[in-house]
Amino acid sequence: MRLVSKSSGELTTLKVGQFMTHDVVVGAPSDDVDDSLARMTVKRIRHLPVLERGRLAGMISIGDLVKARLIETEHQKQQMENLVLGRYPA
């Protein structure tokens, strides 16, 4: 978007390569949710291509990772409540 705003009037002459990210940050299917969240936060990116054997296996968003983390946190909360209240299995 920054390039487009700087190039008003010249949009038909721009090439895709001018817009592309050149050093793409990627993940792997085996990557940990917290590690991926940290990498995306540090790199200030919202989407992470996931490669498997050098090929695109999928794309995850920071929202996907936050949702996964919230689900895990809720599960842990439930287990702790069950343990404290004596509900089994904890």
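Observations
- Taken over region 38-84, residues that are within 13 Å of V24 (Cα to Cα) and in contact (Cβ under 8 Å) with a residue 24 or more places away in the chain amount to 4.
- Residue within region 34-47 that is over 12 Å from the mean Cα position of the chain (by Cα), loosely packed, with under 12 Cβ neighbours inside 10 Å and not in a strand (DSSP E or B) present: no
- Within region 29-52, the set of residues being basic (K, R) and touching a Gly at 6+ places or on another chain (Cβ under 9 Å) comprises R39, R46.
- Selection of region 55-67 for residues being over 8 Å from the mean Cα position of the chain (by Cα) and either β-branched (V, I, T) or modelled with pLDDT under 95 (or both) yields only V66.
The values are calculated or read from the model by the stated rules, or taken from the named source; none is laboratory data. Predicted, not measured: the structure shown is a model, and the values here were computed from it. Every residue, glycine as well, gets a Cβ built from its backbone with ideal geometry; the counts of neighbours run over all protein chains shown.
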